[in-house]
Amino acid sequence: MANTEDTRKRIRSAAQALVAEQGAANLTLEAVAKDAGVSKGGLLYHYANKQALLEGMLEDLLLKRQTWFLSSQAKQGTGAQLQSLINTEFSLTVAERATRNAILAAGAENPALLDPARDYYRTLFSYLRKDSSDPELGIIVALALHGMQLLETIGLNQMTISQKDTLQHRLVELVS
């Protein structure tokens, strides 16, 4: 029998895939349960409601982003730290970007859902201000990355893969 965390990951993965394939509007507990291969009762055992599932999905996104903090603990220098941040942000998969969109939409209805993201950004900018040899450059890079993603999320600026690759390389050059 699969352990609890494996089942929770499978459920979150199914939810991410569903959002990526069919859009946030089709994120129903029934559809997620079916795609995850669990009963709706089994899903509800792990996630009491849709909001709890979205919170778990947000935790996954933030955990991926926080890996750059861990790589920065070695104090490899501001350039390497910012390169890690840039590469992490540009490495989001289609499913992760779709999840980000779904969470943002749900956060408009329930702002408390975004509290973990608020904590992440508070920590990010505090870290950049205190632990970076060039805090202003770090803040500019972070704002550029997250501004680009927000515009993409709300459909105001869609870039091609080639344009994103060019931007990623240019940002890496900027911090090197």
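So if I place +1 on the C-beta of Lys and Arg and -1 on the C-beta of Asp and Glu, and nothing else carries charge, what would the dipole magnitude of region 4-175 be about its Cα centre? I want it in debye, nearest 20.
With only Lys, Arg, Asp and Glu charged at Cβ, the dipole is about 160 debye.
Starting from 0.36 nm per residue, how many nanometres of slack lie between H146 and K34 once their C-alpha separation is accounted for?
Here the segment from H146 to K34 would lengthen by 37.0 nm.
Mind checking which of S13, V38, A24 is farthest towards the positive end of the chain's charge dipole, using Cβ charges of +1 (Lys, Arg) and -1 (Asp, Glu) about the Cα centre?
So the residue we want is V38.
Can you give me the Cα centroid spacing of region 135-151 and region 81-122 in angstrom?
Value for the Cα centre distance between the two parts: 13 Å.
Round to the nearest 10 and give me the degree value, 0 to 90, for the angle of helix 78-90's Cα axis relative to the longest principal axis of the chain.
It works out to around 30 degrees.
Enter the per residue convex hull volume of the chain, computed from alpha-carbon coordinates, in Å³ rounded to the nearest integer.
Expressed per residue, the convex hull around the Cα atoms of the chain is 124 Å³.
Any idea what the relative contact order of region 4-175 is, in percent, if you count C-alpha pairs under 8 Å spaced at least 6 apart?
It rounds to 23 percent for region 4-175.
Using just the helices of the chain, give the 222 nm mean residue ellipticity in deg cm²/dmol: DSSP H runs with n ≥ 4 each add -39,500 (n - 2.57), and the total is spread over all residues, rounded to 500.
Here the helix-only value at 222 nm equals -25500 deg cm²/dmol.
Please determine, in degrees from 0 to 90 and to the nearest 10, the orientation of helix 94-109 with respect to the longest principal axis defined by the Cα atoms of the chain, where the helix direction is its Cα long axis.
Helix 94-109 sits roughly 80 degrees off the main axis of the chain.
Kindly rank 154-163, 122-131 from highest to lowest mean number of other beta carbons found within 10 Å of each residue.
Ranked from most to least packed, the peptides come out as 122-131, 154-163.
Every read-out reported here was derived from the displayed coordinates using simple, explicitly stated rules and does not represent laboratory data. Computed from a prediction, not measured in an experiment: that's the story for all the values here. Here the Cβ is made from the backbone with ideal geometry for all residues, glycine too, and neighbour counts use every protein chain on show.
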